[in-house]
Amino acid sequence: MRLPPLRCRICGRQRPEISGGFCVCGASVWEPIEHEPPPGVVVEALGGSRSLEPVDFGCVLSEALGGVVPGRKVAVGGEPGAGKSTLCAELAAKMAEKLGGLAYWLDAEQDRALVDALFARTKSPTRHVRRIGQQPEDPSKPSISWREAFAGVPPSASVAVIDSVQAWTNDSQREQGELLRAVRAMTPTVLVISHFTKQGRFAGSRRVRYDVDATIAIDRAAIRLEKSRWTPTPRITPRS
């Protein structure tokens with residue numbers, strides 16, 4: 001077995017030439033040098049972290065997910081008209097109400113009236129909901145970027161909804177990758193709405209599936225939980 005390196009407690013020399021157990025400085029008091037990882041690498045003990053205990057928010061999407069773990073990221077996909085945005089709106093409103101925070105709707109596709117309509121469909125209250133989007137009053141101004149929109153979400157938020165990843169990135173896979181990396185760094189729960197391809201898969205970057213904690217696919221007949229870090233999968237919830 002390879003012995004750990006030693007350091008002289010008096011002069012700090014590391015494994016110098018010794019004679020009879022003495023350092024060249026004359027001292028004979030040694031201590032092992034602990035292994036240190038390279039810069040940027042963290043070595044830490046397990047335990048003490050936030051548990052993956054899901055919370056039931058009493059709505060369709062929460063039931064399909066088996067509850068939601070606050071702070072985790074969920075990709076919600078489906079064909080146009082399947083109800084992705086409506087179900088996300090219901091869950092966001094419920095989370096904001098129950099957790100006592102605010103829900104932020106990052107709107108790249110719709111105007112304020114249409115976003116209001118999403119919540120009205122499920123009779124979800126909007127007093128704790130805030131919309132982040134382009135100001136329609138001044139179309140001469142350039143559209144805001146997803147980075148600017150993200151800057152409007154405070155760490156104290158209960159949930160943020162990105163509608164949608166393709167619209168915010170103009171279908172650029174490189175930008176989608178950057179957006180999803182930024183999503184991972186956000187403190188609140190994030191619901192990432194994504195379009196589907198004709199083959200029924202998440203459109204665009206593969207990171208949409210890999211950089212989140214759960215992926216859910218919505219169609220008119222059922223909701224399929226395909227990946228989850230806290231609920232066994234696959235899980236299919238029929239829609240009434």
Any hit, the stretch 76-91, residues being at pLDDT below 95 and not assigned by TED's automatic domain parsing to the domain that holds ARG201 | no
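Each row is one residue, and each column tells you yes or no for (1) touching a Pro at 6+ places or on another chain (Cβ under 8 Å); (2) outside any loop (DSSP other than H, G, I, E, B); (3) within 26 Å of PRO232 (Cβ to Cβ).
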| position | (1), (2), (3) |
| --- | --- |
| HIS35 | yes, no, no |
| PRO38 | no, no, no |
| VAL41 | no, no, no |
| LEU46 | no, no, yes |
| GLU53 | no, no, yes |
| GLY58 | no, no, yes |
| SER62 | no, yes, yes |
| ALA75 | no, yes, yes |
For the stretch 168-240, which fully contained strands (runs of 3 or more DSSP E) count at least 1 residues that are of a type in the set (Lys, Arg)?
-> 222-228, 235-238
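Yes or no, residue by residue, for (1) within 14 Å of the chain's Cα centre (by Cα); (2) at pLDDT 95 or above:
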| site | (1), (2) |
| --- | --- |
| ARG201 | no, no |
| GLY204 | no, no |
| ASP213 | yes, yes |
| ALA217 | no, yes |
| ALA222 | no, yes |
| LEU225 | no, yes |
| SER228 | yes, yes |
| PRO232 | no, yes |
| ILE236 | no, yes |
Filter the stretch 98-120 for residues that are surrounded by 20 or more Cβ atoms within 10 Å (Cβ to Cβ), at pLDDT 95 or above and not hydrophobic (A, V, I, L, M, F, W, C) and give the result.
-> TYR104
How many of the residues making up the stretch 182-213 are buried (at least 24 other Cβ atoms within 10 Å of the Cβ) and aliphatic (A, V, I, L, M)?
-> 6
Look through ARG201, ARG209, ARG174 and report the one residue that is basic (Lys, Arg) and more than 23 Å from GLY83 (Cβ to Cβ).
-> ARG174
Among the numbered conditions (1) in a helix (DSSP H, G or I); (2) touching a residue at least 12 places away in the same chain (Cβ under 8 Å); (3) surrounded by fewer than 13 Cβ atoms within 10 Å (Cβ to Cβ), tell me where SER156 comes up short.
-> (1)
Could you grab the pairs with beta carbons closer than 7 Å, sequence gap of 6+ or different chains, first residue in the stretch 167-192 and in contact (Cβ under 8 Å) with a residue 12 or more places away in the chain and among the acidic types (Asp, Glu), second one assigned to a helix (DSSP H, G or I) and surrounded by fewer than 24 Cβ atoms within 10 Å (Cβ to Cβ)?
-> GLU175/THR169
Please determine, by comparing only the residues of the stretch 162-181 that are closer than 24 Å to PRO70 by Cα and small (Gly, Ala, Ser), which one is surrounded by the fewest Cβ atoms within 10 Å (Cβ to Cβ).
-> GLY177
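The values are calculated or read from the model by the stated rules, or taken from the named source; none is laboratory data. Bear in mind the structure is a predicted one, so any value in this text is a computation, not a measurement. Reconstructed Cβ throughout: ideal geometry from the backbone, glycine too, with neighbour counts over all protein chains shown.
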